[in-house]
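Computed from the coordinates by the stated procedures, all read-outs in this text should not be read as laboratory data. On a predicted model such as this, the values are computed, not experimentally measured, just so you know. Virtual Cβ from ideal backbone geometry, glycine too; neighbours counted across all protein chains shown.
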Amino acid sequence: MFKPIRFFPDDTTFRFIHLRTVSYTLSGAAAIVSLALFFVFGLNYGIDFRGGTLIEIQTKAPQADIAGLRSTLGGLQLGDVEIQEFGAPNEVLIRVGQQEGGEAAQQVVIGKVRQALGDSVEFRRVEVVGPKVSAELVQTGTIAVIVALIAVLIYIWFRFEWQFAIGAIIATIHDVVLTLGIFSALQLEFNLSIIAAMLTIVGYSLNDTIVVYDRHRENLRRYKRMALPELLDKSINQTLSRTVLTSVTTLIALFSLYIFGGEVIRGFTFAMIWGVIVGTYSSIFIASPILMVLGVKRDWSGVTAGASV
């Protein structure tokens, strides 16, 4: 018979809570740097948020001449124009920045590009995002993330105790802030798909945290005389194989998508890869140690969990 896969033996005794000072320091520093990068350099917003025109073409030649396309479109005086390969070698994505003059000006851009490229390419997709729409997308995307975090707080508050809810929300905010930081540092394009990735990260991080929290709650009822640091370490170690196995299998799928999935989902998969890594880290090194700080109690006695019973 096949035995279940375990990355760590059942009797693992890593002292995660003992490292809480180090993890708090590293996470705090990373969060501060991420916020500083966000406010100083900002995000590289895509057309979804900045507004502009998105044109996807396929050249008739087996290999697109990117340099030639840049030269051709650069002579049109359209302002900010980005050209990159998109999937196959003969597929190209053209982004043209927002033009003054409203919707009519964007249609003029499309006409100029069509005329300049002629019959040498096939136009596969054309999208125009106006400034009003892009501003609404920024607002609704921000609201979506905030509402998700509030929903997480309410859900865990009802399912566990308030200490667990605070721990989970701090860990989740930690993951979101670090994701914003890495996108700001690398100036990767930030568009609607990244908002979707961040909402997925919130769900993934919450799932990891809930698994560990469930074991904390079980052990708080089972080991009535065990000191809280030892009990939290025991719970984390008992769920460690499951946590790592879930993360590794998810990362295998995400790396496959990142490498072979093409340019269209590369930003999304990068955000997910980063989110899975920091989400796994925060469920172990952030969410659980916070219970020590907040003084979680054994619900049947009202005595602080760290005390002997």
Only helices at least 20 Å long along their own axis, judged from Cα atoms, and with Kyte-Doolittle mean hydropathy of -0.5 or greater: name those in the chain from DSSP H. 20-41, 102-117, 131-159, 162-186, 192-222, 228-260, 266-285
With springs only between Cα atoms under 10 Å apart, run a GNM on the chain and tell me which of A287, A168, A30 wobbles the most. A30
Connecting every pair of Cα atoms under 10 Å apart in the chain and solving the GNM, the largest mean-square fluctuation among T239, T140, T172 falls on T140
Enumerate the amide H contacts of F190 below 5 Å, restricted to partners 5 or more residues apart or on another chain; note that Pro and chain-start residues carry no placed amide H. N44, Y45, G46
Relative contact order, percent, of the chain when contacts are C-alpha pairs under 8 Å separated by at least 6 residues? 26
Overall dimensions of region 95-234 by Cα: Rg and Dmax, Å: 23.5, 79
For a quick protection proxy, order the peptides 33-42, 271-280 by their average other-Cβ count within 10 Å, most packed first. 271-280, 33-42
How do 94-100, 46-52, 151-157 rank on mean C-beta neighbours within 10 Å, highest first? 46-52, 94-100, 151-157
